[in-house]
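Beneath this line is the structure, given in structure tokens, with notes to follow.
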Amino acid sequence: MSDITRYTISIYSENNVGLLNRISAIFLKRHIDILSFSTSQSEIQDVFRFVIVVDMTEVSVRKIVQQIEKQVDVIKAFFHTDEETIFQESALYKVKSSSLFEERQIQNIIKESHANIVTVSPVFFVIEKTGFRHETEKLRKDLAPYGLLQFVRSGRISVSKAPMGISEILNNFNNQNKE
Amino acid sequence: MKNKKGLQITGAEAVIRCLLEEGVDLVYGYPGGAIMPIYDEIYKFSDQLYHVLTRHEQGATHAAQGYARTSGRVGVAMATSGPGATNLVTGIADAQIDSTPMVCITGQVASHLLGSDAFQETDIIGISTPVTKWNYQITKASEIPEIMAKAFYIARSGRPGPVLIDITKDAQFELFDFNYKKCSGVRSYQPVPPLQMDQVKQAADAINKAKKPMIIWGQGVILGEAENEFKAFVEKSGIPAAWTILGLSALPTNHPLNVGMVGMHGNYGPNLLTNECDVLIAVGMRFDDRVTGNLSTYAKQAKVIHLEIDPAEISKNVFADYPILGNCKQSLKALISSVNKGVFSDWIALFETHKKTEFDKVIKNDIYPTKEGLTMGEAIASINKYTGGDAVIVTDVGQHQMIACRYAEFIQSKSNVTSGGLGTMGFALPAAIGAKMGAEHRQVVAIIGDGGYQMTIQELGTIFQTKVAVKIVVLNNDYLGMVRQWQQLFFDKRYASTEMTNPDFVTIAKGYQIDAQRVTKREELDQAVKTMIESDKPYFLEVCVEKEDNVFPMIPTGASVSDIRLE
């Protein structure tokens with residue numbers, strides 16, 4: 001019951017300027033660390049989606065999702081375990097071009113990691129890798145000895161295995177308003 | 001939205017027209033640079049919109065709260081940008097935690113100056129976000145009608161709360177085609193969850209099987225205007241009912257099934273018996289920690305039924321075996337028809353027994369003291385005598401608040417105005433101004449401690465200017481009494497910064513031309529209260545009470561409701 005588990009919180013919302021602040025305030029008020037946070041357009045026009053990763057107990061995550069859903073501009077919020085979602089992270093690695101030619105080993109690392117080379121210039125090249133945390137992390141460690149100029153990893157993006165039914169909620173609202 | 005015969009007006013005029021469309025005829029506020037265009041319109045519309053100039057913006061919010069609580073309407077407060085806006089924050093936070101419908105309008109620096117650290121610029125949207133139900137910054141006049149309509153809709157619907165609308169000065173000046181349409185829904189917001197009859201059925205089954213059921217009701221009954229349904233439910237089911245501090249007055253004090261207050265300074269019986277009942281029916285209350293004490297020993301033996309409008313409150317503090325989501329007016333109506341008529345004589349007799357114990361150990365000494373010094377309890381009893389329980393009682397925060405709520409008598413709803421969740425000292429004086437304006441034909445008595453009184457004492461100026469006939473009773477013990485009580489009980493009587501050297505309150509009141517009187521002796525009390533109640537003008541009464549009296553019963557912080565102390 002009180003086991004700390006990794007949860008992905010998914011929020012569908014209106015695109016309101018203050019909403020990001022409002023949602024982060026809910027975590028701040030309860031002194032909860034956000035492990036990762038990403039936001040983007042959702043599958044529905046003018047509806048935004050937040051994906052937040054936290055380590056919490058089920059009881060606590062349920063309560064915080066209720067608090068999030070209570071916000072006027074939030075359409076619906078969910079929480080899922082890793083098993084209930086398909087999730088990925090993206091990472092970019094900027095490496096000196098000289099090491100690509102001087103160190104043969106680096107070419108094998110890229111090949112084995114199934115990473116993509118995004119761009120190559122005389123000075124640097126950029127590799128992109130999408131996958132689980134341990135995969136992007138392994139590549140970071142493997143590349144480190146060759147001089148990583150920059151490394152950045154995105155927040156988790158995730159889709160749930162079960163349907164979320166947002167269009168239905170919005171349609172119901174529209175129908176109610178027609179009546 | 002079609003723009004039929006649009007009318008070119010300024011954003012500032014639009015704000016006033018929106019208020020009028022929402023039926024607002026009274027606002028509290030304080031002018032300043034960034035809201036001057038709106039104030040200019042207030043001047044022009046002064047025959048339709050009455051503006052009360054409080055002496056501090058905090059007073060405007062508390063007055064708007066008091067107005068909302070007695071009238072059942074949305075209170076409106078206005079302030080300028082910067083310090084005007086930040087001064088609203090305490091009242092907004094109070095309204096948020098006590099679910100009071102309020103719309104605050106703040107002026108903001110012109111949009112091209114946003115983020116430039118301009119004069120009197122502050123990020124009031126950022127600051128107010130955690131303490132508002134909703135907030136929005138308007139930078140274009142064309143947004144005003146839709147946003148204002150939404151603000152009022154959100155503030156009053158579902159679980160009510162405060163909304164803040166920040167309007168840049170350029171938007172106030174801008175001309176646009178005005179067209180107002182009331183808001184009837186927001187697609188991302190479900191104010192009232194639909195009633196599920198299976199939830200009602202299951203709860204009714206549990207109630208019908210109960211041998212020792214108990215009801216605890218909260219402000220939801222009042223906010224949901226469900227007093228009649230609640231009374232009918234209590235009477236049909238025959239279940240003893242106790243109240244939280246904000247639920248007070250929803251059921252008359254002398255109702256035979258009203259068994260008193262729960263919580264830290266509540267009554268002995270309902271607190272003890274919370275841990276003996278087999279079914280606990282919570283109606284429109286949220287199991288605040290001041291109600292429950294230690295959660296791990298709270299009503300563990302009971303099946304909990306929770307009637308609640310806000311899904312986030314279900315199982316937040318106390319697990320609900322049978323939640324009933326919805327407006328309690330509807331859910332109570334549904335419950336009434338599914339519960340059996342009940343008689344619980346033996347169980348109710350237990351409340352009576354505990355009541356007698358509490359009377360002998362506490363109440364007797366509070367109300368009929370034999371010692372020389374006046375008690376807060378006898379002052380409240382005297383007020384009861386002359387109001388007949390028909391007054392609106394506005395209280396501040398501390399000992400006097402607990403004593404007033406314990407002993408004040410009520411015969412009608414919406415009569416108790418207090419700062420519950422936030423515990424805002426300084427609430428009562430401005431709230432009483434609003435309470436009286438929201439219930440003009442009623443007697444409004446503010447009962448305040450000497451500490452809280454001085455936090456917003458400048459609102460005497462508002463009373464002086466508006467002539468609003470509030471009755472102010474300061475129960476003066478020259479201490480911050482509740483903190484002193486804790487210092488006595490838990491900090492070995494180290495009275496750190498709780499003793500107050502007070503001014504001559506009567507002289508201060510008279511400076512504002514408010515009739516005033518001081519009582520120091522028992523034999524003067526009744527006559528003074530009578531004079532105050534019979535006055536049709538504002539009146540100030542200082543009652544000098546025993547300095548080191550304590551409020552009992554008491555559940556110490558972190559203790560169980562069964563560990564309630566009588567001394």
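Where a number appears in this text, it was derived from the coordinates with a stated rule and is not lab data. Since we're looking at a predicted model, the values are computed, not measured. As a convention, Cβ positions derive from the backbone with ideal geometry for all residues, glycine included, and neighbour counts pool all protein chains shown.
Relative to the longest principal axis of the Cα atoms of chain A, the long axis of helix A:104-113 lies at roughly 20 degrees. Each principal axis of the Cα atoms in chain B has its own extent, and those three values, largest first, are 71, 62, 42 angstrom. Among B:Leu480, B:Gln527, B:Ala516, which residue has its Cα furthest toward the positive end of the charge dipole of segment B:372-544, with +1 on Lys/Arg Cβ and -1 on Asp/Glu Cβ? Going by the charge dipole, the pick is B:Leu480.
Seen against the Cα atoms of chain A and their longest principal axis, helix A:133-143 is set at about 20 degrees.
Exposure proxy for B:Leu272, B:Leu164: other Cβ atoms within 10 Å of each Cβ, ordered fewest to most, give B:Leu272, B:Leu164.
In a reduced charge model with +1 at each Lys and Arg Cβ and -1 at each Asp and Glu Cβ, segment B:324-381 shows a dipole moment near 360 debye about its Cα centre. Answer with one residue from B:Ser338, B:Leu175, B:His441: the one whose Cα lies farthest towards the positive end of the charge dipole of chain B, charges on Cβ with Lys, Arg +1 and Asp, Glu -1. The one lying farthest along the dipole's positive direction is B:Ser338. In sequence order, segment B:351-358 has phi-based couplings of 4, 4, 4, 5, 5, 5, 4, 5 Hz under the Karplus curve 6.51 cos²θ - 1.76 cosθ + 1.60, θ = phi - 60°, and Gly or Pro positions carry x. Close amide H pairs (under 5 Å, H built 1.01 Å from N) link B:Val304 with B:Leu280, B:Asp321, B:Tyr322, residues at least 5 positions away or on another chain. Sorted ascending by nearby beta carbons within 10 Å, beginning with the fewest, B:Glu143, B:Glu313, B:Glu372, B:Glu459 become B:Glu372, B:Glu143, B:Glu313, B:Glu459. For the protein assembly as shown, a crude dipole built from +1 on the beta carbon of Lys and Arg and -1 on the beta carbon of Asp and Glu, taken about the Cα centre, is about 1060 debye to the nearest 20. Whole-percent P(r), segment B:7-178, all Cα pairs, 10 Å bins from 0: 12, 45, 37, 7, 0. Once backbone amide H atoms are built at 1.01 Å from N, B:Tyr50 has B:Leu26, B:Val27 as its partners under 5 Å, excluding neighbours fewer than 5 places away on the same chain. For chain B, the residue among B:Tyr50, B:Pro240, B:Pro538 whose Cα projects farthest onto the positive side of the dipole built from Cβ charges is B:Pro240. Taking a ≥ b ≥ c as the square roots of the Cα gyration tensor eigenvalues, segment B:197-351 comes out rounded, since a/c falls below 1.5.
Neighbours of A:Ser24, meaning other residues whose beta-carbon lies under 13 angstrom from its beta-carbon, give a summed charge of +2 when Lys and Arg score +1 and Asp and Glu score -1. An ellipsoid equivalent to chain A, defined through the eigenvalues of its Cα gyration tensor, has semi-axes of 38, 19, 14 Å when rounded to whole angstrom and sorted largest first. Phi-derived couplings, Karplus 6.51 cos²θ - 1.76 cosθ + 1.60 at θ = phi - 60°, listed residue by residue for segment B:490-498: 10, 10, 6, 6, 7, 7, 6, 6, 10 Hz, with x used for Gly and Pro.
Here the translational diffusion coefficient of segment B:462-567 follows from Stokes-Einstein with Rh set to the Kirkwood radius across Cα pairs; for 37 °C and 0.692 mPa s it amounts to 204 µm²/s.
May I ask you to derive the relative contact order of segment A:88-153, considering only C-alpha pairs under 8 Å and at least 6 residues apart, and to give it as an integer percent? Computed value for segment A:88-153: 51 percent relative contact order. Summing charges over neighbours of B:Tyr39, with a neighbour being any other residue whose Cβ is under 13 Å away from its Cβ, gives -1 when K and R count +1 and D and E count -1.
Computed about its Cα centre, the charge dipole of segment B:7-178 is approximately 540 debye, with only Lys, Arg, Asp and Glu carrying charge at their Cβ. Relative to the longest principal axis of the Cα atoms of chain B, the long axis of helix B:57-71 lies at roughly 60 degrees. Please pull out the direction-averaged projected area of segment A:88-153, using the convex hull of its alpha-carbon atoms, in nm² to one decimal place. That works out to 3.7 nm².
The relative contact order of segment A:1-92 comes to 44 percent, based on Cα pairs under 8 Å that sit 6 or more residues apart. Computed from backbone phi with θ = phi - 60° and the Karplus coefficients 6.51, -1.76 and 1.60, the 3J(HN,Hα) list for segment B:475-485 is 8, 9, 10, 6, 9, 7, x, 5, 5, 4, 4 Hz; x is used for glycine and proline. Taken over the protein assembly as shown, the convex hull of the Cα atoms encloses 195 Å³ per residue.
For segment B:346-384 versus segment A:1-52, the spacing of their alpha-carbon centroids is 51 Å. Extension gain, A:Arg62 to A:Ser154: 0.36 nm times the residue separation minus the Cα-Cα distance gives 30.6 nm. Residues B:Tyr386, B:Tyr368, ranked from the fewest to the most other C-beta atoms within 10 Å, line up as B:Tyr368, B:Tyr386.
For B:Phe552, no residue has an amide H sitting under 5 Å from its own, ignoring neighbours fewer than 5 places away on the same chain, with H placed 1.01 Å from N. Averaging the sequence gap over all C-alpha pairs within less than 8 Å and six or more residues apart, then dividing by the number of residues, gives chain B a relative contact order of 15 percent.
Over chain B, dividing the summed -39,500 (n - 2.57) contributions of all DSSP H runs of at least 4 residues by the number of residues returns a 222 nm mean residue ellipticity of -10500 deg cm²/dmol.
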